[in-house]
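Asks: Before I ask anything, let me first share the structure, which is written out below as structure tokens.
The values are calculated or read from the model by the stated rules, or taken from the named source; none is laboratory data. A quick note: this is a predicted structure, and the numbers were derived from the prediction, not measured. Positions of Cβ are generated from backbone atoms using ideal geometry, with glycine treated the same way; all protein chains shown enter the neighbour counts. These area figures cover heavy atoms from the full protein model, side chains too; ligands, DNA and RNA do not enter into them. Shrake-Rupley method; radii C 1.70, N 1.55, O 1.52, S 1.80 Å.
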Amino acid sequence: MRFSTATAVIVGVFVGAIAHIAFARVQSPPVAPDALTAAPGQYHLEFENEFVRVTRIKYAAHEKAPLHSHAAPGGVIVTLTDQDARVTGQDGSTRELHYKAGQPRWAAATPGKDRSSYSAHAEENLGDRPFELIRIDPKIATCR
């Protein structure tokens, strides 16, 4: 059986595309589950509509939450109590968070972009007391 040049080109392109997709999947980090799904003991949905999602976050003293992610591009966090925590990314990188009660901040989120603690992370309360936060995530697509 003899193949035409056009058939060989089509087969070559198809095989190349499949190999490229397989290689890209191997390199791309898996997106971790959303915090509400991965850590329901710590993350509680307070309010949600088409523009925003508001989550209450509570960690007991020295409590840990499994690997989870937050929606891009991130959200505003308001600490209701002092927070002393460590977040650990999929790549093993860590960073500590130390905030005082009432202190607002922007928390960037890049789910699936890389394996850093900004993309997805496990979290641990380093303190001897619980901490509590409110996280407000804008839904960028519906706000445009």
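Asks: Using 0.36 nm per residue, how much length does the chain from Glu96 to Val78 gain when fully extended, once their Cα-Cα distance is taken away?
Replies: In short, 4.8 nm is gained.
Asks: Can you tell me the length gained on complete extension of the stretch Arg86 to Ala71, counting 0.36 nm per residue apart and subtracting the Cα distance?
Replies: 3.4 nm
Asks: Could you order peptides 35-44, 113-122, 98-107 by the average number of other Cβ atoms within 10 Å of their residues, highest first?
Replies: My ranking of the peptides, most packed first, is 113-122, 35-44, 98-107.
Asks: Another one. Pop out the carbon and sulfur fraction of the accessible area of the range 85-144 as a percent, whole number, probe 1.4 Å.
Replies: The value for the range 85-144 is 53 percent carbon and sulfur by accessible area.
Asks: Another question about this same structure. Working out 0.36 nm times the residue gap between His62 and Glu50, then minus their Cα-Cα distance, what length gain in nm do you get to one decimal?
Replies: 0.9 nm
Asks: How many percent of the alpha carbon pairs in the range 25-108 exceed a separation of 19 Å?
Replies: Looking at the range 25-108, the distances longer than 19 Å represent 43 percent of pairs.
Asks: Treat every Asp and Glu Cβ in the range 32-107 as -1 and every Lys and Arg Cβ as +1, leave all other atoms uncharged, and give the resulting dipole magnitude about the Cα centre to the nearest 20 debye.
Replies: With Lys and Arg at +1 and Asp and Glu at -1, about 160 debye.
Asks: Something else: What is the sum of charges, Lys and Arg at +1 and Asp and Glu at -1, for the other residues whose Cβ falls under 11 Å from the Cβ of Ser116?
Replies: That works out to +1.
Asks: Find out how many positive minus negative residues lie around Ala39, taking Lys and Arg as positive, Asp and Glu as negative, among other residues whose Cβ is under 10 Å from that of Ala39.
Replies: Summing Lys/Arg as +1 and Asp/Glu as -1 gives -2.
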